[in-house]
Amino acid sequence: MKKLLAVLLTLALMLGMCSALAEEEPIKLTLWTFQELHTQLYKEMEASWNANPDNPKIEIDMQVYPYDDMHSKLTLALQSGEGAPDIVDIEINQFANYLKGDIQLADINDIVEPIKDKLVMSRFNNYAKDGKYYGIDHHIGATIMFYNTEILEAAGINYQDIKTWDDYHEAGKVVLEKTGKPMCTWESADCWSIYPLVNQHGGDWLTPEGEVRMDEPVVVNTLAFMKSMLDDGTAVACPGGNHHSEEYYGAMGSGAFASVSMPFWYLNRFTDYMPDLSGKMKVAPMPLWPDGGHKSAQMGGTGTAVVKTSANVDIAKQWLAYATLSFEGCVKTWTILGFDPIMTEVYGAPEMKEPNKFFDYYGDDIFDMLKTVLDDIPDTCISEYFPTASDIVKSQMAYDLVIGGGDPETIAKNCAQELRDAIE
Amino acid sequence: MQQVSQRRPNRAAAFLTSRKVVPYVFVAPFVIYFLLIYLYPTVSTVMMSFQRIDGPTTSEWIGLKNYQKLFSRNFIQALETSTRYAIWDVIVLTIVPLLFAVLLHSGLVKGSAFFKSLFFIPALTSIIVAGIVFRLAFGTQDTAPVNVLMTALGGQPRQWLMFADSGNFVLIVMTLWRWMGVNIIYYLSGIQAIPNDLYEAAEIDGANPIQKFFKVTLPGIRPVLIYVITITVLGGFAMFTESVALWQQSNPGGIGRTIVGYLYQVGITKANMGMASAVGLTLLALVLVVNLIQLVLMGFFRKEDA
């Protein structure tokens, strides 16, 4: 009896020590990202997680790397099985690379499936394979228009009257004539001009089965429309080759172009890099295609994933669910990052209406505008060969169209052939 | 008595310090290093080039498939880019620094020590910073510094970094700016080693400065010249950071992608290590052939004047 008591006491003591230790030592997690902005949200959500006494204390070591470096480091870490983080942000163009062979990411069905009805599930399909979800996105990334109203007003144009792409082109001609400024810029070295337009028009690069769609008529027609704007000068090649270059920020920020179509997450590029346009820029839905298509296109994204070999998979998942899939997290995704959250129920919430730098910059009708397009956004097909397709669009299709000035049909055919060769 | 109590040397130590073994002990660090860091990866690269590798644990022998798929548009374009760069690199980076070295050594320039260090300074800058500066200087807009200069000189503004030829030109300018000082130092050390008597003798024979350059200086620095050309050829084909720094992620029409950039993209970005190994070995073969041809032409294997 005495012996049993002694054993029990010892056990109790050990347990006490363990819990005492647990309280002192928070669980350490490592997080890699290529987007410094994201850490603002993560830090906030780490603090509020720890503020709840029911949660085990965590301490997240957030490491920000340049885009290429981070994905290369991750590939090497996962290939060698050593040095990988617990949680990692993987960009949508890269994600398929990590879903090959023996997948090194943990599936997150257990945290996604219970709240499926509240989420925009097409965003999860981008990071899924064989019915398993591997990444959580931060935003829908609906493509919208950014209009410089100062330039448009000088040409006597009300941006709200632009309903179709033909209207847009016509408005562009007036703007060019009256102000001498091009209506917009097309990227010559990236995909954010071509892909949203093609996707909104009803096209894509691949089918889910891996068939190439790059030379379909819808792609050719979209390219032909873009070329017609280039031909009469209403559209010009984007300075620096893409809408993220310093040169473009400088030119656009000084009022060189009347508008640009970019995904919703481009909101913060204007506020951060082109402050002079504050109060002059307005957001609006994309013009529609006269021959069908959709209201917008969901573009870009980052799948935040948990690494399977992490020592703390469960806790990492729980925190990630809290940070990105909770009501609170989704509201903060807007207030801190300026993204369009993936949880549909936050859109009507009063918390979303609180003043912030985005409302100051664009006016307070951002969400009223966004809500009108959310019901008609097509899925994108992000499959194994999407990174290859994307690369072909960036370095070949965009260049041949915008700089080379080639024939749209030939460009589409060549690119499709290139993609088919790569898939072979 | 004392002699008896002296400890007998340890057997292992005796073996290691014996006359026959000790040389091997001394070279062991290098041999181990070589086997581990050079030979093992080389052999495994050769093996990987015949495999399809998916993730850390799955790989599959696929024979020559990687090599059959090698000659895609991107590979050929990258090969062209690298070759074009290497050719211009060799021409410009051998001749221009040589002229400067001769000029600096001739005593015609005042304060040559100052210029030597001035030319060398760019080699110490960060390539990323240099890339950003050159990218903005050769910007696409009419207001970019170089385009402003072009307009002032009566030329037309250009989109420098959007076309293969002008892009290559910018790369060469950047490389020249960055590495000229280093090559000048190589040449100067070679020129300074030439005994003055030879120049005096040439002068007595009535040689003019140009004859002296071709008949005395050039033969005198032949070993240095061979060395500079060899590393410039190697560096030309292996060039990667310069183009990445200049174009960054944006790569219009693929003109900024060199063969090593392509290797990196295939292996690391697209996680296709097998294909990347095949690309790497092809590059190795190519550089070996080019270097061999160049060494034969330069008379590297010719016996020194008997």
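Regarding the range A:330-342, can at least one residue be identified that is part of a helix (DSSP H, G or I) and within 14 Å of chain B (Cβ to nearest Cβ)? No: zero hits. Residues in the range B:210-232 that are buried (at least 20 other Cβ atoms within 10 Å of the Cβ) and of a type in the set (A, V, I, L, M, F, W, C): B:Ile221, B:Val228. Residues that are at pLDDT below 90, polar (S, T, N, Q), in contact with a strand residue (DSSP E or B) (Cβ under 8 Å, 6 or more places away or on another chain) and not assigned by TED's automatic domain parsing to the domain that holds A:Ser383 are absent from the range A:57-74 altogether.
Does B:Ser49 fit the bill of being modelled with pLDDT of 90 or more, among the polar types (S, T, N, Q) and surrounded by fewer than 16 Cβ atoms within 10 Å (Cβ to Cβ)? Against the criterion (modelled with pLDDT of 90 or more, among the polar types (S, T, N, Q) and surrounded by fewer than 16 Cβ atoms within 10 Å (Cβ to Cβ)), B:Ser49 does not qualify.
Residue count for the range A:54-83, restricted to those that are facing chain B (nearest Cβ under 7 Å), free of Cβ contacts under 8 Å to residues at least 60 places away in the same chain and closer than 17 Å to A:Lys308 by Cα: 4. The one condition from (1) under 24 Å from A:Gly300 (Cα atoms); (2) away from every other protein chain (no Cβ under 14 Å); (3) not hydrophobic (A, V, I, L, M, F, W, C) that A:Glu354 does not meet is (1). Considering the conditions (1) buried (at least 20 other Cβ atoms within 10 Å of the Cβ); (2) at the interface with chain B (Cβ under 9 Å from one of its Cβ atoms), A:Ile87 is excluded by exactly one of them, (2).
Residues in the range A:181-208 that are within 14 Å of chain B (Cβ to nearest Cβ), among the aliphatic types (A, V, I, L, M) and assigned to a loop (DSSP other than H, G, I, E, B): A:Ala189 only. Counting the residues of the range B:196-255 that are within 21 Å of B:His105 (Cβ to Cβ) and assigned to a helix (DSSP H, G or I) gives 30. On the stretch given as the range B:56-74, residues that are of a type outside the set (D, E, K, R), touching a residue at least 12 places away in the same chain (Cβ under 8 Å) and within 11 Å of chain A (Cβ to nearest Cβ) total 2. Just so you know, in the range A:95-118 the residues that are buried (at least 19 other Cβ atoms within 10 Å of the Cβ) and within 15 Å of B:Asp54 (Cα to Cα) include one that is nearest to the chain's Cα centre (by Cα), and it is A:Phe95. Kindly establish whether A:Lys173 is more than 21 Å from the chain's Cα centre (by Cα), away from chain B (no Cβ under 14 Å) and either charged (D, E, K, R) or part of a strand (DSSP E or B) (or both). Yes; evaluated as a whole, the condition is true for this residue. Taking every residue in the range A:235-254 that is among the aromatic types (Phe, Trp, Tyr) and pairing it with any residue that is in a helix (DSSP H, G or I), at least 6 positions away or on another chain, the pairs with Cβ-Cβ distances below 6 Å are A:Tyr249/A:Tyr273. Scanning the range A:211-263 for residues that are under 16 Å from A:Val402 (Cβ atoms) and of a type in the set (Phe, Trp, Tyr) turns up A:Phe225, A:Tyr248, A:Phe257. Highlighted here are the helices (runs of 4 or more DSSP H) found entirely within the range B:75-194 that include at least 2 residues which are among the aromatic types (Phe, Trp, Tyr) and either buried (at least 17 other Cβ atoms within 10 Å of the Cβ) or touching a residue at least 40 places away in the same chain (Cβ under 8 Å) (or both): B:112-120, B:164-192. One residue is enough: does the range A:374-385 have a residue meeting the conditions assigned by TED's automatic domain parsing to the domain that holds A:Val220 and in contact with a Pro (Cβ under 7 Å, 6 or more places away or on another chain)? Yes, there is a match, as at least one residue in the range A:374-385 is assigned by TED's automatic domain parsing to the domain that holds A:Val220 and in contact with a Pro (Cβ under 7 Å, 6 or more places away or on another chain).
Under the condition of being surrounded by fewer than 21 Cβ atoms within 10 Å (Cβ to Cβ), away from every other protein chain (no Cβ under 11 Å), among the hydroxyl-bearing types (Ser, Thr, Tyr) and under 25 Å from A:Tyr399 (Cα atoms), the residues counted in the range B:233-289 number 1.
When A:Val346, A:Val373, A:Val402 are checked against the criterion of being under 30 Å from A:Thr271 (Cβ atoms) and within 14 Å of another protein chain (Cβ to nearest Cβ), A:Val402 stands alone in meeting it. Residues in the range A:156-165 that are surrounded by 15 or more Cβ atoms within 10 Å (Cβ to Cβ) and assigned to a helix (DSSP H, G or I) were compared, and the one that is nearest to the chain's Cα centre (by Cα) is A:Trp165. Kindly indicate whether A:Ile144 is within 14 Å of chain B (Cβ to nearest Cβ), part of a strand (DSSP E or B) and within 23 Å of the chain's Cα centre (by Cα). Criteria not met by A:Ile144. A:Ala297 meets all of the listed conditions (1) crowded, with 22+ Cβ neighbours inside 10 Å; (2) farther than 22 Å from A:Ser193 by Cβ; (3) aliphatic (A, V, I, L, M) but one, namely (2).
The values are calculated or read from the model by the stated rules, or taken from the named source; none is laboratory data. It should be emphasised that the depicted structure is a prediction, and the values quoted were computed from it without experimental measurement. In this analysis, Cβ positions are derived from the backbone assuming ideal geometry, glycine residues included, and neighbour counts consider all displayed protein chains.
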